[in-house]
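Below is one structure, written out as structure tokens; the observations come after it.
Bear in mind these aren't lab numbers, they're just calculated from the coordinates by the rules spelled out. Fair warning: this is a prediction, and the values are worked out from it, not measured in the lab. Note: ideal-geometry Cβ built from the backbone for every residue, glycine included; neighbour counts use all protein chains shown.
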Amino acid sequence: MKKAIKISVIISILVVLSALVFLIQQKQGEKLVSELNIEISYLSSDKYIVNEDIEATILKVEPEIRTKSIKDIHTLSIETELIKNPYIADVDVYKKVNGEIHVMIKQRHPIARVETSKSSFYIGSDGGIMPVSTKIGSHVMIINGHLKNYNYNDLIGLNIRNSEESVKLAQAFELASYMHTNELFNSLMEQVYINKHGEFEFVPKLGKHYVLFGDMSRLEEKFSNLEHFYRQGISQVGWDAYSKVNLKFENQVVCTK
């Protein structure tokens, strides 16, 4: 009998607690939006977007956002609209019980600029495409040469890393990405050029030479040889001693005057 009473009491308590939680959630849901908090992570990049841009986009989705109940704000709709912005790599929108809406943005970080006769556009570190801004010009590595004549408008929403139709551009981007993460190459190289044979050439900021990298084979070995050449070899002869530095041959660097 006592056991049955205990169980009944416990059930009653649980019912009361559930009702209280429901009432609290309902009350909180009726709370008006108290603050729109926007945070943008730029990853040491130039600022292509600012808070005002993000707020303007949000107001297109939720025009009366500051006079609505927190429960009536559709965070997924806001995220869906914001991620359409090519300068945004990632977005997270969430609500807090005190009425605050937090919008967390990661701006796409450009590491290469593609130049064709039809168009010019950036590729972010994640492989996403970004338009060239008329207000800001990032100093990044140039990719050009014998490429397909890409038009930016045909590439909107494309990720170069996953593109089967842009293999050569994806490879050029992989090389640019590799050099971007290397302190020496990132400060030294300014261009990845695709020659008429489909091979890759690098143009440094210093000296009168270019680097013939060849294809994508033995990538680590070639970069290792090139780094050793720049750190140990060229200091002996000077930056203007050669016209071409060839990495195509296995385990050696062949220089032409």
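In whole Hz, what ³J(HN,Hα) sequence does segment 42-49 give by Karplus (6.51, -1.76, 1.60; θ = phi - 60°), x for Gly and Pro?
Calculated HN-Hα couplings, in order: 9, 6, 6, 9, 5, 8, 8, 10 Hz.
Tally Lys and Arg at +1 and Asp and Glu at -1 over the other residues with C-beta under 13 Å from the C-beta of His180: what net charge comes out? Intermediate results must be reported in sequence, preceding the final value.
Details: positive: Arg113; negative: Asp126, Glu174, Glu183, Glu190.
Computed value for this residue: -3.
How many percent of DSSP beta bridges within the chain run antiparallel, rounded to 5? Before the final figure, lay out the partial values.
Numbers: 28 of 45 bridges.
Antiparallel bridges make up about 60 percent of those DSSP assigns within the chain.
Read phi for every residue in segment 217-232 and hand back ³J(HN,Hα) as whole Hz from Karplus 6.51 cos²θ - 1.76 cosθ + 1.60, θ = phi - 60°, with x for Gly and Pro.
Residue by residue, segment 217-232 yields 6, 6, 4, 4, 5, 5, 5, 5, 5, 5, 5, 4, 4, 5, 7, 10 Hz.
Taking 7 Å along the Cα-to-C-beta vector as the label spot, tell me the Ser163-Ser44 distance in nanometres, rounded to one decimal.
For Ser163 paired with Ser44, the spin-label model returns 2.6 nm.
Rounded to the nearest 10 degrees, what's the angle between the helix 2-29 long axis and the longest principal axis of the chain, both from Cα atoms, 0 to 90?
Computed tilt is about 60 degrees.
Can you list the GluC sites (Glu not before Pro) in segment 164-257 that are in a DSSP coil and have 14 or fewer other beta carbons within 10 angstrom? Provide the component values of the computation, followed by the final result.
Numbers: sites: Glu164, Glu165, Glu174, Glu183, Glu190, Glu199, Glu201, Glu220, Glu221, Glu227, Glu250; in loops: Glu164, Glu165, Glu199, Glu250.
Within segment 164-257, the qualifying GluC sites (Glu not before Pro) (loop, at most 14 other Cβ atoms within 10 Å) are Glu164, Glu165, Glu250.
Excluding Val61 itself, what net charge comes from residues whose Cβ is under 15 Å from its Cβ, given Lys and Arg +1 and Asp and Glu -1?
Values: positive: Lys60, Arg66, Lys68, Lys84, Lys95; negative: Asp53, Glu55, Glu62, Glu64, Asp72, Glu79, Glu81.
Combined, the nearby Lys, Arg, Asp and Glu give -2.
Sorting His139, His74 on the 10 Å Cβ count, fewest up front, what's the list?
Ascending number of Cβ neighbours within 10 Å: His139, His74.
Segment 216-233 to segment 140-157: how many Å between their Cα centroids?
27
Give me D for the chain in µm² s⁻¹, whole number, from Stokes-Einstein with Rh from the Kirkwood sum over alpha-carbon pairs, 10 °C and 1.306 mPa s.
The Stokes-Einstein estimate is 71 µm²/s.
Whole angstrom only: what separates the Cα centroid of segment 44-58 from the Cα centroid of segment 63-117?
If we compute the Cα centre of each part, the gap is 10 Å.
With the dipole of segment 127-257 worked out from charges on the C-beta (+1 for Lys and Arg, -1 for Asp and Glu) around the Cα centre, which of Val167, Leu184, Leu206 lies farthest toward the positive end?
Leu206
So for segment 72-158, considering every pair of alpha-carbon atoms, how many percent are separated by more than 23 Å?
Value for segment 72-158 (Cα pairs over 23 Å): 35 percent.
Expressed in nm², what is the orientationally averaged projection area of the convex hull enclosing the Cα positions of segment 110-256?
Average projection, Cα convex hull of segment 110-256: 9.0 nm².
Taking Cα pairs under 8 Å and at least six residues apart, what relative contact order does segment 86-141 come out at, in percent?
Value for segment 86-141: 29 percent.
May I have the pair-distance distribution P(r) for segment 45-86, computed from all Cα-Cα distances with 5 Å bins from 0 and rounded to whole percent?
Calculated P(r), rounded to whole percents: 5, 21, 30, 23, 11, 6, 3, 0.
What span do the alpha-carbon atoms of segment 35-107 cover on each of the three principal axes, reported in whole Å from largest to smallest?
36, 21, 18
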